[in-house]
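Visitor: Structure incoming, see below.
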Amino acid sequence: MRLALLLVFVAYPLLELALLIRAGQSWGFWPVLGAIIGTGLLGAAVLRHQGFKVAEKLSEDLNAGRAPVAPLADGGLVFAAGAFLMSPGLIGDALALLLLLPPVRVLVRRALAARLDGSSTFEVRRANMRWRRRQPPKQDEPPVIEGEWERLDDDRENRP
């Protein structure tokens, strides 16, 4: 576990930085900076657009009484792709572009399902609620008249 954390938080950023320096030497500073900014904007757009689509599919599956495993997994993978695109680096961008392809997401989803199979459960419960409209006042009740009033026989100033 410590080795995995070391790789994620130390080796990966160093590898990304080395690759960005190498790309800057080959292509020049401005094209690399443009690519970093462009992929960051693309990542933000992907997160916004795909977030709405995942929420819609999730709602459809829940309303149909199905377990929304595929939409949740796809949503998580697309979110990871957007996060990779928003972070500067060419390796993350390549991983993000792969995760945006639906066949690749299916393969990753299957691999995750095989690893997590049997370790979790999912249950859908729906509450039976009845909504009632507010009923109009009954005919035998007196009508309500709104208005302002002022008490004229009140002499508070003359009281001891």
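The values are calculated or read from the model by the stated rules, or taken from the named source; none is laboratory data. Note that the structure is predicted; figures quoted are calculated from it, not measured. Positions of Cβ are generated from backbone atoms using ideal geometry, with glycine treated the same way; all protein chains shown enter the neighbour counts.
Visitor: Looking at (1) closer than 30 Å to ASP117 by Cα; (2) touching a Ser or Thr at 6+ places or on another chain (Cβ under 9 Å); (3) surrounded by fewer than 17 Cβ atoms within 10 Å (Cβ to Cβ), can you tell me which one ALA96 breaks?
Guide: That leaves (3) as the condition not met.
Visitor: Tell me whether region 108-119 contains one or more residues that are at pLDDT 85 or above, over 30 Å from LEU14 (Cα atoms) and either surrounded by fewer than 14 Cβ atoms within 10 Å (Cβ to Cβ) or not small (Gly, Ala, Ser) (or both).
Guide: Scanning region 108-119 turns up at least one residue that is at pLDDT 85 or above, over 30 Å from LEU14 (Cα atoms) and either surrounded by fewer than 14 Cβ atoms within 10 Å (Cβ to Cβ) or not small (Gly, Ala, Ser) (or both).
Visitor: Then there's this: Considering only residues that are buried (at least 16 other Cβ atoms within 10 Å of the Cβ) and either modelled with pLDDT of 85 or more or more than 16 Å from the chain's Cα centre (by Cα) (or both), which ones fall in region 58-71? Before the answer, list the steps.
Guide: We begin by selecting, within region 58-71, every residue buried (at least 16 other Cβ atoms within 10 Å of the Cβ); these are 58, 61, 68, 70-71.
The answer is ASP61, and nothing else.
Visitor: Among (1) touching a residue at least 24 places away in the same chain (Cβ under 8 Å); (2) of a type outside the set (S, T, N, Q); (3) crowded, with 17+ Cβ neighbours inside 10 Å; (4) over 24 Å from LEU14 (Cα atoms), which single condition is LEU90 missing?
Guide: Looking at each condition in turn, LEU90 falls short on (4).
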